[in-house]
Amino acid sequence: MKTQKRLGILTSGGDCPGLNAAIRAVVSHATITYDWEVFGIPYATTGLLEKKAIPLTLHGMDLRGMNPLLNMGGTILGSINKGDTLAHIDEIIAGYNALELDALIGIGGDGSLTILDELRDKGNWQFVAIPKTIDNDVAFTEKVVGFDTAVNTVVDALNRLTFTAASHDRVMIVEVMGRSAGHLALEAGIAGGADCILIPEIPYSIKGVCSHLRELRDNWGRRFGIVVVAEGARIAKDSCCYPKCEIAKPSCGMGQYILDEIRHCSHNQLDIRVSVLGHIQRGGIPSAGDRLLASAFGKAAVDLIAKGKTAKMVAWQNGEVVAVPLEKVIAKSPSLVKPDNFLVETEQSLGIYVGNTEHISKLEDSIRSLPLGYS
């Protein structure tokens with residue numbers, strides 16, 4: 001007969017800084033406060049499918065020292081962001097039961113949480129979610145694990161690229177992640193001193209970008225420029241180098257697309273380079289903000305399970321951690337940049353070209369209809 005509650009924890013979707021800090025918080029609080037057994041599920045639902053679990057203890061994880069997991073990027077449990085999980089739903093549920101888990105904490109983005117919630121519903125699991133993604137597009141939470149560090153990483157790259165752009169009188173185009181949401185490009189672009197920020201939610205024109213860069217040169221004496229473009233940004237309505245299409249994306253990536261368009265618009269008179277930051281945005285040591293958030297989320301998730309308040313996601317609202325019904329989160333996600341977002345107003349007031357915000361609301365439905373994977 002079991003004498004202790006058996007708690008499982010997994011990380012699903014793309015990795016990001018702060019996942020290990022959340023795992024550390026869950027193991028510490030569940031072990032010290034509630035005397036539960038905690039098991040890590042390797043590679044998310046693959047671990048459940050294969051009936052694998054790793055005992056996580058204070059001694060085994062050196063949590064008494066408190067530092068190894070707190071400042072470690074990635075996830076010690078591994079993760080997956082591909083595969084047809086729901087094709088094996090019965091086997092995964094059977095794996096959960098075989099491991100004799102009493103409850104499960106899943107750390108993931110909106111795509112992962114959608115799948116995990118379907119498993120929870122069919123398997124009748126006691127489940128609590130912790131939101132994480134560098135895209136910051138999970139609904140009903142102002143912050144998610146991983147976003148703060150990603151913003152800092154992009155800002156650091158923009159700092160470095162600005163110096164080389166100024167030295168060679170170049171326009172530097174920087175492509176950042178974010179899928180269908182522009183939060184990462186928006187916040188990092190403002191903090192990193194970008195001249196143009198192009199995001200999925202706001203229509204823009206190539207003519208507008210070129211005019212802004214020309215104005216910087218003619219009116220302000222600036223012979224270089226920084227253009228931040230989100231990977232999910234739309235094709236410009238006045239595109240010359242790519243067929244006009246509402247949803248289509250160039251196979252070469254949005255950074256290269258913007259470079260080609262600016263070259264055409266400027267009659268090849270500008271020296272332009274493109275940098276695609278790629279997966280560097282997912283790596284690195286978690287920031288203080290992400291460590292604090294992950295710790296608070298981990299503690300709150302364990303408490304919810306102890307109180308029997310499951311099928312919830314922990315969220316950050318108005319300076320504190322709250323619990324939100326998971327079904328509401330899934331129905332609302334992804335969370336996009338709003339037309340009345342104060343940061344959009346801020347970038348405009350700083351003279352940053354952002355596009356035409358008057359038509360932002362017309363794009364929301366089409367953006368939400370795009371297929372979502374793991375995140």
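The values are calculated or read from the model by the stated rules, or taken from the named source; none is laboratory data. For clarity, every value in this text was computed on a predicted model and none was experimentally measured. When we count neighbours, we look across all protein chains shown, and the Cβ atoms used for this are built from the backbone with ideal geometry, even at glycine. We work out accessible area using only protein heavy atoms, side chains counted, and drop any ligands, DNA or RNA first. Shrake-Rupley method; radii C 1.70, N 1.55, O 1.52, S 1.80 Å.
In this structure, I285 does not satisfy being closer than 30 Å to S167 by Cβ and assigned to a helix (DSSP H, G or I).
Scan the range 185-207 and tell me whether some residue there is touching a residue at least 40 places away in the same chain (Cβ under 8 Å) and closer than 18 Å to Q269 by Cα. Yes: one or more hits.
Whether a residue is at positive phi and either within 20 Å of the chain's Cα centre (by Cα) or not hydrophobic (A, V, I, L, M, F, W, C) (or both) was assessed, and R160 does not pass this test. Against the numbered list (1) part of a strand (DSSP E or B); (2) touching a Gly at 6+ places or on another chain (Cβ under 7 Å), R273 comes up short only at (2).
Please state which one of S28, S112 is surrounded by fewer than 24 Cβ atoms within 10 Å (Cβ to Cβ) and either modelled with pLDDT under 95 or among the polar types (S, T, N, Q) (or both). Before the answer, list the steps.
Working: S112 fails: surrounded by fewer than 24 Cβ atoms within 10 Å (Cβ to Cβ).
Being surrounded by fewer than 24 Cβ atoms within 10 Å (Cβ to Cβ) and either modelled with pLDDT under 95 or among the polar types (S, T, N, Q) (or both) holds for just one of S28, S112, which is S28.
Quick one: which residue in S266, S275, S239 is open to solvent by less than 10 Å² (accessible area, probe 1.4 Å), more than 25 Å from D110 (Cα to Cα) and either touching a Cys at 6+ places or on another chain (Cβ under 7 Å) or polar (S, T, N, Q) (or both)?
Details: S266 fails: open to solvent by less than 10 Å² (accessible area, probe 1.4 Å); S275 fails: open to solvent by less than 10 Å² (accessible area, probe 1.4 Å).
The unique qualifying residue is S239.
Can we say V322 is closer than 24 Å to C241 by Cα, modelled with pLDDT of 95 or more and surrounded by fewer than 23 Cβ atoms within 10 Å (Cβ to Cβ)? Walk me through it before giving the result.
Numbers: closer than 24 Å to C241 by Cα: no; modelled with pLDDT of 95 or more: yes; surrounded by fewer than 23 Cβ atoms within 10 Å (Cβ to Cβ): yes.
Taking the combined requirement at face value, the residue does not satisfy it.
Going through (1) in a helix (DSSP H, G or I); (2) within 17 Å of L336 (Cβ to Cβ); (3) open to solvent by less than 40 Å² (accessible area, probe 1.4 Å) one by one, V209 falls short only on (2).
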